[in-house]
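Taking it in order: structure first as structure tokens, then the write-up.
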Amino acid sequence: MHRLIRVAMALGSGLLICGEVAAQGAACPVKIGGVLPLTGSMAPITKKIAQAAELAIEHVNQGGGVKGCPVQFVLRDDQGQPTVGVDAAKYLVEVERVPAFTGTISSGITGPIISSVTAPSKVVQITCCSTASPFTLDGRSAGYFFRTIPTSKTQAYATASETTKRGLKKTAVIYVNTDFGTDMLRFYKAALAKLGGEIAVEVPYNDNQPSYRAEVSKALAAKPESLLLIGFPKDAVTIVREWLSLGGPRAIALNNSMRTMDFVNGVGAKFVEDFFGMDNAQVAGPHVDAFNKSFEEKFKADSKGPGVHTQYDALMVMALAMNIAKDLTGPSIKDAVRLVHVPNGAPVGTGPGEFKKALELIKAGKPIKYFGATGPIEFDANGDVTGPALVWKVKDGQIVTDRTITIEEMQALFRRIEN
Amino acid sequence: MIGQAIADGILTGAIIALGAIGVSFTLQIMRFANFAHSELLTWGAYLALVFVAFAGPGTPTGPLSFGWQLIAAALFAAAMTGLVAWGVDHFVFRSLRRRGAHPLTMVFAAFGAALVMRNVVVLFWGHGSHFYTRELQMTVELLPGVRMLPDQIFILALAVAVVVCLHLFLTYSRTGIAMRAMAESSSLAQVCGIEVDAVVRWTWILSGALAALAGVFAGLTPQLHPEVGFNLLLALFAAAILGGTGSLAGAVVGGLIVGLAENLSLLFVSAGYKTAMPFLVLLAVLLLRPQGLFGEKQ
Amino acid sequence: MLTGVFSYLVFFCCIVLVLGILTLGLNLQWGFTGLFNAGIVGFYAIGAYTHAILTAAPQPQYLGNLGLPWIVGIAAAMAATALAAWVIGLLTIRLRGDYLAIATFGIAVSIQLVALNWEPLTGGSQGLSRIPKPLSGVFDTPLSFNLWFLCLLAVLVAAIYFALERILRSPWGRVLKAIREDETAAVALGKSARRFRLEAFVLGSTLMGLAGALYVSFIGFVSPFDFLPILTFQVWAMLIAGGSGNNRGALLGALVVWAIWSASGVAVTKLVPPSHAAQGAAVQVILIGLLLIFVLLYRPHGLLGEAAVVSRHAAD
């Protein structure tokens, strides 16, 4: 038995050392790490996100790679468990020596990664999907953490602006009891306080329950005239159906995760016509279209879905920054991230051709301005992006955009709410 | 508000009760905590879906959102799931029992079986949701402030009918009496000449059938996905134990109490604590009666 | 630069030792006392949150975050967990096997929900951050800090191991064994089975609380997401794989199971291209499950089997 243990340990160390030696053999390939929930409760949405990541790496390599070397993407599963995610991130940083990595989705896993790997080891981490605001706002990441998705603040403020614009009164708020839901609710309340508007009742819900009649009944007991539902499609379908069948008012506002045909079909397209929802807007334009087209061509699937565009951008930004940086150390890459979008830079977009163009500009020492699959990517002092928002609704069984809230309008809104 | 909570509690409780009966009897007769039981609910629901895929849910009959075809689907699913339950026991658990496996091994084996059963469903139907019918019913007001869907009233009536039939079976049929005898005392029952294998077989078939019905009812209100059984697993065990294992009345009362606890608790505490309520009630009951409400004292 | 591999292994071993403390605690409860505790994660959470609440940097919106020294946090975590275990034990110790499992499971779920909902104290779903790492001012690089923490954990684990071995060979330990092997006889001799079980339960749970406090002071962040039932399952797997009733087995089990969990993730990245990463990951989960079932079927007593505990006085 002890022999077996010794053999196993030898094998294990061998695996690790092989990885290490291979990494040390030459400067090429340059590795970029990834930590995503490939299994676990988030798995259904991660599939497309991982595909977007793969597409980004392919474009980067076709466009010239990083510092003349091809890029190798090393993707680990966090299984939805913080300890596994932390172990995976540490492995990527120490054994695979990745200069930067992307990840992850759940803030319960992103949080410990930042405090035990990213900040101490000074490695750049860009997430496509983790929206918990404190990560960038309280200084814990020492500037090494970025995200290509706006925090819930943007969406919450935009939602508040829209609900007050439509004159929604006495709103019941049913929200998923996670950091995402509580964050959205907090900012929504803060915004309503300045914009006017009234919350009738707040009812949290824990996910994965077979029925939400109790929560819906509690909300209806406050006699609301409208509903703001913050959550994810599967449980949202149950909640909305139960709300409607119990006679709840049809003035329903939704958050971005509901912007999918899964939700529309689940409730029934004909019942959804009075609803509206918010999302971070993907500025329409040739670069967004180019991305959608290459995604659909490669994977034969619709590119709409949470995290898809932001993941692509996270990796493109990372690769551009690694090329701009004078070397592949953490601090250099960190400083280079904001140079990916300089006001007077030459516009570069998505796709291998544009990436090649960007590399030539970088080589010539000229500034660039990256327009990604989510529009212009500009990081603020905290590592967050802001962006325009849009209002969507369902018409004739299709999800359509009702109106867009431009960046200028968003900025004005922020100023009004935060004084 | 309280009337609605009670009505909702009874509805949820009825579904949990049907599932808990099987858990209760396997716990008592085979001393086996079958954590794969929840997957029998899922399988039952999906087997009914298969039937519906061929026959259709039927045009809505009266105020209901489905026709007789869904009833037929439920019966079909019940029969099939009974066989599945017996099959899983025959090929997996029985061999472990014969080898005198440690109870912990059985628990882990049940976990393993549950994982396989759940992922087979995912393999065929994917992670997404399915629906028996696309209708969106409106609730009717039974009493002031108490609303229920016609579907739910029907389910409740059906659940009551099933329980009554089961009670008659357990009281008057040979097999039923044998099951109750084994539940009370396995060794004594064998001394009296009761055929253990037959009882075990019937226990599994009935567990599976009841679980299938619970699964169909859960899937009807309002959607069906691979975790539908798993999400109820702990409520089922809480109900079975708090009612006292081996007792039909116990499982039914246990189910109702769990359902009511969940729904009534929202009148006092935040909905964020709802999922803990079945356990807190269970703890309270076990403190006063460690064998459960209708259980036999050890 | 093999320092990368070394640095990772140091980190890895820190996690293993924390999990090892959890497994030692469970071993005392199950291996030596026969208590089916399915609520491991609840006691882990109490220790973790107590430590976090007492030591995290103050923030205006939180009641706790008292910024107290690390050692105070550790001591308080153990005390809080001991107290909670005593209360929970009083309520549940009488229950038979699987009932105890469901009861403790339910308690762990409730504790996690309190952590999730009681925002002013626990930070709610956001969790608590900036939990100070002990002596991080002195050991300010990741490698030096992890190495120092590893030494600290190694010393602690060794101390706990030897203390447990001593306790189990003491008169108290002998009574515990007697109760497990033949309760009627032990009770006939005037031993209160309930009292001994309760003491073992409290002691085991206190170790779990200690593990929780150590974990959060290593990572620097805590959230309700750290305390989901999967961890209870993992610790049980560690104990069974290593050999319940054997403290060395418990530690070995922690190493082996966590190594399998981690290495299978590495293997997936080496053998499967990223485009198939999702399927590879699913296969990893299935393999882990199969491996555990394999161990259960062919080595039901775990890798090391139950240790023969012989009294110190046997040679007399």
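The values are calculated or read from the model by the stated rules, or taken from the named source; none is laboratory data. Quantities reported herein were computed from a predicted structural model and do not represent experimental measurements. For neighbour counting, all protein chains shown are included, and Cβ atoms are generated from backbone atoms with ideal geometry for every residue, glycine included. In case anyone asks, the SASA skips ligands and DNA or RNA and just uses the protein heavy atoms, side chains included. Shrake-Rupley method; radii C 1.70, N 1.55, O 1.52, S 1.80 Å.
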C:Gly265: passes all of (1) surrounded by fewer than 22 Cβ atoms within 10 Å (Cβ to Cβ); (2) at pLDDT 85 or above; (3) over 19 Å from the mean Cα position of the chain (by Cα) but (1)
Using the structure shown, decide if A:Gly197 is away from chain B (no Cβ under 14 Å), open to solvent by 50 Å² or more (accessible area, probe 1.4 Å), over 22 Å from B:Ala276 (Cα atoms) and not in a helix (DSSP H, G or I).
yes
Any chance B:Gly292 is within 11 Å of chain C (Cβ to nearest Cβ), outside any helix (DSSP H, G or I), without any contact (Cβ under 8 Å) to a residue 60 or more places away in the chain and buried (at least 21 other Cβ atoms within 10 Å of the Cβ):
yes
Against the definition (open to solvent by less than 10 Å² (accessible area, probe 1.4 Å) and modelled with pLDDT of 90 or more), how does B:Val252 come out, yes or no?
no
Check on A:Ala251, open to solvent by 10 Å² or more (accessible area, probe 1.4 Å) and more than 7 Å from every other protein chain (Cβ to nearest Cβ)
yes
I'm trying to understand the selection: among the residues of region A:166-194, which are open to solvent by less than 30 Å² (accessible area, probe 1.4 Å) and within 12 Å of chain C (Cβ to nearest Cβ)?
A:Tyr175, A:Val176, A:Asn177, A:Asp179, A:Phe180, A:Gly181, A:Thr182, A:Asp183, A:Met184, A:Leu185
Based on this model, can you work out whether A:Ser217 counts as buried (at least 21 other Cβ atoms within 10 Å of the Cβ), within 9 Å of chain B (Cβ to nearest Cβ), touching a helix residue (DSSP H, G or I) at 6+ places or on another chain (Cβ under 9 Å) and modelled with pLDDT under 90?
no
How about region C:168-197: which of its residues are of a type outside the set (D, E, K, R), open to solvent by 60 Å² or more (accessible area, probe 1.4 Å), assigned to a helix (DSSP H, G or I) and farther than 21 Å from C:Leu95 by Cα?
C:Pro171
Scan region B:139-162 and tell me whether some residue there is within 23 Å of the chain's Cα centre (by Cα), more than 25 Å from B:Gly56 (Cβ to Cβ) and outside any helix (DSSP H, G or I).
yes
Failed item in (1) open to solvent by less than 20 Å² (accessible area, probe 1.4 Å); (2) more than 14 Å from chain A (Cβ to nearest Cβ); (3) not basic (Lys, Arg), with B:Gly19 passing the rest
(2)
Considering only region C:109-137, state which residues are open to solvent by less than 20 Å² (accessible area, probe 1.4 Å) and assigned to a loop (DSSP other than H, G, I, E, B).
C:Gly123, C:Gly127, C:Ser129, C:Ile131, C:Pro134
Residue list for region B:122-138, filter: in a loop (DSSP other than H, G, I, E, B), touching a helix residue (DSSP H, G or I) at 6+ places or on another chain (Cβ under 8 Å) and surrounded by fewer than 18 Cβ atoms within 10 Å (Cβ to Cβ)
B:His127, B:Gly128, B:Leu136, B:Met138
A:Val240 being in a helix (DSSP H, G or I), open to solvent by less than 10 Å² (accessible area, probe 1.4 Å) and closer than 22 Å to A:Ala160 by Cβ:
yes
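Results for (1) within 14 Å of chain A (Cβ to nearest Cβ); (2) more than 30 Å from A:Val95 (Cβ to Cβ), shown as yes or no for each residue.
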{"residue": "C:Phe6", "(1), (2)": "yes, no"}
{"residue": "C:Leu9", "(1), (2)": "yes, no"}
{"residue": "C:Cys14", "(1), (2)": "yes, no"}
{"residue": "C:Phe36", "(1), (2)": "no, yes"}
{"residue": "C:Tyr44", "(1), (2)": "yes, no"}
{"residue": "C:Ala56", "(1), (2)": "yes, yes"}
{"residue": "C:Leu68", "(1), (2)": "no, yes"}
{"residue": "C:Met78", "(1), (2)": "no, yes"}
{"residue": "C:Leu95", "(1), (2)": "no, yes"}
Limited to region C:52-85, what total is found for residues that are of a type outside the set (S, T, N, Q) and either under 28 Å from B:Leu27 (Cα atoms) or assigned to a loop (DSSP other than H, G, I, E, B) (or both)?
12
With open to solvent by less than 10 Å² (accessible area, probe 1.4 Å), within 13 Å of another protein chain (Cβ to nearest Cβ) and not hydroxyl-bearing (Ser, Thr, Tyr) as the only criterion, which of A:Leu137, A:Leu92 stands out?
A:Leu92
Residues of region C:77-92 classified as open to solvent by less than 10 Å² (accessible area, probe 1.4 Å), in contact (Cβ under 8 Å) with a residue 60 or more places away in the chain and not small (Gly, Ala, Ser), total:
1
